[in-house]
Amino acid sequence: MRIDVLTLFPEMFVSPLSTSILKRAQDKGLIDIVLTNIRDFATDNYRKVDDKPYGGGPGMVMMPGPVFDCDEYVQKLSPEKGRVILLTPQGQKFNQKKACQLSKEKRLILIAGKYEGFDERIRIGLGAEQISIGDYVLSGGELAAMVIIDTIVRLLPGALGDEDSPKDDSFSQGLLEYPQYTRPEVFRGMKVPDILLSGDHKKIAEWRHQQALERTKKYRPDLLKME
Ligand code: ADE
């Protein structure tokens, strides 16, 4: 899989991409992540990429020219046509199901802009889908792009040490994850539930499912109402 990120701040990605699972997945060749600076496609001497909104109002809007030119350049870097995604609070809300769908794509092109937004012709002209990571406003799409990259990469086969681990994650079965314990058996008076020490795998699986259900009912009843 290949992910291209079009951004004004490629330096923001350096630490997350060179740490832990994201680093390992790249080292293993499971994912190729390529950062391209939209500002390199500005055409004036000031390297301008945004401008005042027509009709007035606060803030600046990303100009279409540099984003179009950047997308055209990036598309040519690889034969696979990329699925273009704009990160914006106006987008469809991101969730684990979406992460799972996107992890099956061969190539994604993520466009991170400033929060005031993109000129509408960027969305229309690039045939981009819009994704939001939640109902709050970030200063730019970079952190949203990183969230999406992280969730996708850990789903790629071989990215995690234990092949089974993503399937029990919270949300992957529509439920929160069951409670987990490790050593010591008793910590500050709190004991690991006996069932987990019983060695009875069938009973443990049933208990875990029951716990996942109860937790979801208690903390995220909205998840049980979906679909
Ligand atoms: N850019 C600014 N806020 C955002 C959000 N919530 N999701 C995605 N991109 C954004």
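The values are calculated or read from the model by the stated rules, or taken from the named source; none is laboratory data. Computed from a predicted model, the values in this text were never measured in an experiment. Here the Cβ is made from the backbone with ideal geometry for all residues, glycine too, and neighbour counts use every protein chain on show. Calculation scope for accessible area: heavy atoms of the full protein, side chains included, ligands and nucleic acids excluded. Shrake-Rupley method; radii C 1.70, N 1.55, O 1.52, S 1.80 Å.
If you scan region 124-144, which residues turn out to be more than 8 Å from the ligand (Cβ to nearest atom) and touching a Leu at 6+ places or on another chain (Cβ under 6 Å)?
ALA128, GLN130
Check whether at least one residue in region 192-205 is open to solvent by 100 Å² or more (accessible area, probe 1.4 Å), part of a loop (DSSP other than H, G, I, E, B) and under 22 Å from LYS167 (Cβ atoms), and report yes or no.
No; the residues of region 192-205 include none that is open to solvent by 100 Å² or more (accessible area, probe 1.4 Å), part of a loop (DSSP other than H, G, I, E, B) and under 22 Å from LYS167 (Cβ atoms).
Looking at (1) outside any helix (DSSP H, G or I); (2) in contact with a Cys (Cβ under 8 Å, 6 or more places away or on another chain), which is the one condition that is false for ASP40?
Evaluating ASP40 over (1) outside any helix (DSSP H, G or I); (2) in contact with a Cys (Cβ under 8 Å, 6 or more places away or on another chain) leaves (1) as the failure.
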